[in-house]
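Working notes, structure below.
Just so it is clear, none of the values below were taken in a lab; they were calculated from the coordinates. Since the structure is predicted, the reported quantities are computational estimates derived from the model, not experimental observations. Cβ placement follows ideal geometry from the backbone for every residue including glycine, while neighbour counts extend to all protein chains displayed.
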Amino acid sequence: MNFSEILNQGWGILMVILFFGGSIFVHELGHFLAAKWRGLHIERFSIGFGPKIISWTRGGVDYRLSWLPLGGYVALPQLADMRGIEGDSSIDTKAMPPISYTDKVVVAVAGAVFNIIFAFLLASILYFTGRPISEDRSSVEVGFLSDNLANAAGELVPAPAKSAGMQIGDHILSIDGTPVKDWDDIHQGIALSSGKTDQGDRSIIFVVERDGQELTLPVRPIISEDMKLRQVGLRPGYTVIVTALYPNSPAINAGIKPGDTLVSLDGNPVRSVAFYTDYLKDKAGQDVPITFEHEGQRISSTITPEDVVVWSDGRTETLTGIAGFDTNRGLLYQTPLEQMKEVAITTYTNLRALLHRNSDIGISHMSGPAGIIRVIYSAAQYDMLSTLWIVVFINVSLAFFNLLPIPVLDGGHIVFATINKLRGKSMNPNVIASLQGSFMILLFGMMLYVTFFDISRWISDTSERAEIRETRVAPVFGQASDSTTSPE
């Protein structure tokens with residue numbers, strides 16, 4: 001590991017502490033300040049659960065940092081009996097004066113409000129700076145169609161999109177009646193779809209534009225082998241820019257240089273790295289006409305792929321000598337409200353898919369603390385603005401999740417307070433304590449379950465990248481980069 005990698009990792013860790021820990025802190029600060037304002041007794045302010053790492057007492061409040069980084073809490077014995085999570089209170093809660101319905105609602109909702117405020121402030125920064133976005137992510141053009149895909153059983157089957165008649169160059173307009181504006185919408189539309197035919201087969205209805213005409217294409221998705229999500233075999237279309245070359249390679253012999261844009265192969269437009277590599281994979285030793293753009297000028301040439309040993313175990317691949325690709329990148333300017341609306345819609349869509357009986361989304365596809373940490377860490381390796389966007393997403397989602405009417409969550413406190421208000425008397429404390437305890441066990445169990453899959457995905461991806469670094473030949477000229485995306 002070189003010094004640059006150490007700095008990158010250190011920066012990633014710092015961003016995780018600042019933004020993951022900061023998002024928790026902001027949420028709990030909302031509860032804390034609202035409780036102060038409404039005159040509630042505050043027992044403890046903790047970031048993390050479980051045994052304390054460090055603590056100090058000031059103004060009668062125990063402030064602490066605890067070992068389990070699964071969130072945080074402000075212990076408010078007048079609001080709810082949460083001894084199972086927060087520990088015993090040092091005072092007699094029965095002797096304390098009751099608090100009003102307004103007090104309970106204000107304090108319960110304040111955490112989500114502070115997350116929204118925090119997200120709005122970060123979104124305001126992105127409004128002025130712009131959010132980084134690459135052409136492949138902003139595209140709705142089909143740039144590649146897989147011939148076959150591995151289904152959940154690991155069997156190769158015909159890719160659904162190509163079987164349904166979709167073509168490279170089609171522009172996707174909507175999925176299951178919902179308009180799409182970029183590839184993230186398309187990715188979500190496929191993965192979260194819940195349509196089924198009368199016969200019970202999975203179904204997704206695509207509307208595409210081809211040669212100025214709108215076509216409706218019913219597609220029968222498969223469940224992918226790795227993520228167990230719906231998949232049809234699509235990749236986006238985008239400008240393919242060469243960033244790195246191997247020495248003495250066919251690409252150099254063809255006259256290609258770093259910074260050149262690939263235009264066509266055999267007269268077929270090159271609109272994705274996947275198309276380029278797939279088209280040439282079985283053409284070793286053949287002269288293939290290629291057109292590329294160099295400094296604004298189109299150049300026609302020929303490229304002759306060759307079979308090369310690139311793996312340490314002697315396996316070969318048909319290579320052209322292009323070691324790295326990228327695409328055009330720009331900045332997306334959205335108002336803070338537009339950004340937050342986008343996140344709110346995405347969060348709601350994910351939750352709806354999770355609860356829909358025909359959906360293939362399960363709890364294992366959710367992200368817990370480990371998944372959130374991974375996303376922040378990965379974004380920090382890219383740039384600061386991408387990290388800010390992730391944190392906006394996390395805070396709006398956190399606010400949404402915490403206001404769900406589930407015991408233990410803030411929304412659950414509001415529900416209990418509302419029931420007491422409507423009944424004109426308090427619910428049995430033992431009933432509330434039992435509900436809180438039961439849902440606490442369920443919530444923590446779910447978080448541990450999700451974290452297992454988060455860590456498994458992290459280890460799997462890390463191991464795969466390590467294997468590639470250790471066995472593949474490294475590029476020599478230019479900077480290696482790859483903007484390709486996995487098939488949807």
What fraction, in whole percent, of alpha-carbon pairs in the range 220-262 exceed 12 Å separation? 70
To the nearest 20 debye, the range 240-330 has a Cα-centred charge dipole, built from +1 on Lys and Arg Cβ and -1 on Asp and Glu Cβ, of 220
If Val391, Val208, Val240, Val106 are placed from fewest to most neighbouring beta carbons inside 10 Å, the sequence is Val106, Val208, Val391, Val240
Do you know the Lys pair count in the chain for C-alpha distances under 26 Å, with sequence separation 8 or more or different chains? 21
Take the Cβ-Cβ distance between Leu14 and Asn328 as r, set R0 to 22 Å, and report the resulting FRET efficiency rounded to the nearest 0.05. 0.15
Charged-residue dipole, Cβ positions (Lys, Arg, Asp, Glu), the chain about Cα centre, Debye nearest 20: 2200
For the chain the mean separation of alpha carbon contacts under 8 Å (6+ apart) over residue count, i.e. relative contact order in percent, is 19
In deg cm²/dmol, rounded to the nearest 500, the helical mean residue ellipticity at 222 nm of the chain, built from -39500 (n - 2.57) for every DSSP H run of length 4 or more, is -13500 deg cm²/dmol
Out of Ala399, Ala34, Ser272, whose Cα points farthest toward the positive end of the dipole of the chain (charges: +1 Lys, Arg; -1 Asp, Glu; placed on Cβ)? Ala34
Leu404 versus Thr102: modelled label distance in nm, points set 7 Å from Cα along the beta carbon direction: 3.1
The range 266-294 and the range 2-48 have their Cα centres apart by a whole-number Å value of 50
With Rh as the Kirkwood radius over Cα pairs, the range 140-236 has Rg/Rh of 0.94
Toward the positive end of the charge dipole of the chain, about the Cα centre and with charges on Cβ (Lys, Arg +1; Asp, Glu -1), which of Gly10, Ser55, Val343 goes farthest? Ser55
Given Cβ point charges of +1 (Lys, Arg) and -1 (Asp, Glu) and nothing else, what value in debye, to the nearest 20, does the dipole of the range 140-236 about its Cα centre take? 220
Can you put Thr318, Thr197 in order, fewest other beta carbons within 10 Å first? Thr197, Thr318
Cβ density ranking, 10 Å radius, fewest first, applied to Trp458, Trp67, Trp389, Trp183 yields Trp67, Trp458, Trp389, Trp183
Hydrodynamic radius of the chain per Kirkwood, over alpha carbon pairs, in Å: 25.8
Roughly how many Å is it from the Cα centre of the range 337-410 to that of the range 114-152, as a whole number? 13
